[in-house]
1. Quick one: is V191 part of a helix (DSSP H, G or I), open to solvent by 30 Å² or more (accessible area, probe 1.4 Å) and either farther than 30 Å from V64 by Cα or in contact (Cβ under 8 Å) with a residue 12 or more places away in the chain (or both)?
2. In region 201-224, how many residues are of a type in the set (G, A, S), in a helix (DSSP H, G or I) and crowded, with 21+ Cβ neighbours inside 10 Å?
3. Residues in region 13-31: is at least one within 30 Å of N126 (Cα to Cα), part of a loop (DSSP other than H, G, I, E, B) and either of a type outside the set (V, I, T) or modelled with pLDDT of 65 or more (or both)?
4. List pairs: first residue in region 92-103 and on the phi < 0 side of the Ramachandran plot, second residue small (G, A, S) anywhere in the structure, Cβ distance under 6 angstrom, at least six positions apart or on different chains.
5. Somewhere in region 124-143, is a residue over 29 Å from N181 (Cα atoms) and hydrophobic (A, V, I, L, M, F, W, C)?
6. Look at region 70-91 and say how many of its residues are closer than 19 Å to V139 by Cβ, part of a loop (DSSP other than H, G, I, E, B) and either of a type in the set (G, A, S) or without any contact (Cβ under 8 Å) to a residue 40 or more places away in the chain (or both).
7. Would you call N179 touching a residue at least 24 places away in the same chain (Cβ under 8 Å) and assigned to a loop (DSSP other than H, G, I, E, B)?
8. Residues in region 145-167 that are polar (S, T, N, Q) and surrounded by fewer than 15 Cβ atoms within 10 Å (Cβ to Cβ): how many?
Amino acid sequence: HFFYDDLKVNNEASSGTVAYIKLFDYVVSPQEAKKNFDDLKKTVIPKKEVPVELKKPKLSLTIVDASTLKPLAATLVITNKQSGVIVTTLQSNGKSEFELPKDIYQVSVKADLYAKTVEEINFNINDGTLSIEIKLTQVKIGENIKLENVHFKQGLPELLPESYPVLDNLIKMLKDNANMNIELSGHTDNVGDPKLNLKLSEDRVNVIKNYLISKGIHGNQVQGKGYGGTQPIASNDKEETRKLNRRVDFKITKF
């Protein structure tokens, strides 16, 4: 019936195409016919494929000291940003690897005598390892730290655009460490009227303080003072060194 159209013969054996035709010039015994069909099955029935084991993507986190770049022991808390569910909490000796599903995570990193940091990680790879290095800043209470690349228009308390990334990093540190207080100090060179220089340094400190507060930092966390040209860190005799005295520093007063 296989070779007849359904319009002529009902109950056709099956639909489809002929897989194999073999012609004989003699009568085929039942045993040989069965062997032929068994051999045919081997060619048309697909082999069972062995499933390939896919490796899950991994997140590799390395925690280092921001100054020395040496690995640090730290406590890590990984949280799913959307759900707020803590995925894992562990003690890392400097480097750790995790198998994670695709998602956005927040990684809280804390080590003794270091400022806590919270990093947002978009983990969206399909395979392999996403490697991220997180730098922790050591907390030294009372030590002056220069705000590198924080610049103002000449003679004015007006920030230049390159200043904002540095200040945004300071904002992040203060937000991650709500118990941390800092004091800003503004400095100028000794060119011009000392009273005007003092006023300019105070105004510049206030501009930075107001920027921090505008980004969500509590006013009690930030104090500030202008010193004019009274605390030089380099010679004022020539411009090459004099420009080093035009700066804004900060120091941690409480942690």
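1. Numbers: part of a helix (DSSP H, G or I): no; open to solvent by 30 Å² or more (accessible area, probe 1.4 Å): yes; either farther than 30 Å from V64 by Cα or in contact (Cβ under 8 Å) with a residue 12 or more places away in the chain (or both): yes.
Criteria not met by V191.
2. Taking region 201-224 first, the residues of a type in the set (G, A, S) are 201, 214, 216, 219, 224.
Among the residues that remain, those that are also in a helix (DSSP H, G or I) are: 201, 214, 219.
From the residues that got through so far, the ones that are crowded, with 21+ Cβ neighbours inside 10 Å too are 201.
Looking only at that region, the number is 1.
3. If we filter region 13-31 for residues that are within 30 Å of N126 (Cα to Cα), which is where we start, we get none.
No, because not a single residue in region 13-31 is within 30 Å of N126 (Cα to Cα), part of a loop (DSSP other than H, G, I, E, B) and either of a type outside the set (V, I, T) or modelled with pLDDT of 65 or more (or both).
4. Going by the 6 Å Cβ cut-off, the qualifying pairs are S92/A74; N93/A73; E97/S60.
5. At the first step, the residues of region 124-143 found to be over 29 Å from N181 (Cα atoms) are 124-131.
Adding the requirement that they be hydrophobic (A, V, I, L, M, F, W, C) leaves 125, 130.
Taking every residue of region 124-143 in turn, at least one turns out to be over 29 Å from N181 (Cα atoms) and hydrophobic (A, V, I, L, M, F, W, C).
6. Count: 2.
7. Working: touching a residue at least 24 places away in the same chain (Cβ under 8 Å): yes; assigned to a loop (DSSP other than H, G, I, E, B): yes.
Spelling it out, N179 is indeed touching a residue at least 24 places away in the same chain (Cβ under 8 Å) and assigned to a loop (DSSP other than H, G, I, E, B).
8. Quick first cut of region 145-167, residues polar (S, T, N, Q) only: 149, 154, 163.
Next, only the ones that are surrounded by fewer than 15 Cβ atoms within 10 Å (Cβ to Cβ) stay: 149, 154.
The total comes to 2.
The values are calculated or read from the model by the stated rules, or taken from the named source; none is laboratory data. The model shown is predicted, which means the values in this text are computed figures rather than measured ones. When we count neighbours, we look across all protein chains shown, and the Cβ atoms used for this are built from the backbone with ideal geometry, even at glycine. For accessibility, only protein heavy atoms count, side chains too; no ligands or nucleic acids. Shrake-Rupley method; radii C 1.70, N 1.55, O 1.52, S 1.80 Å.
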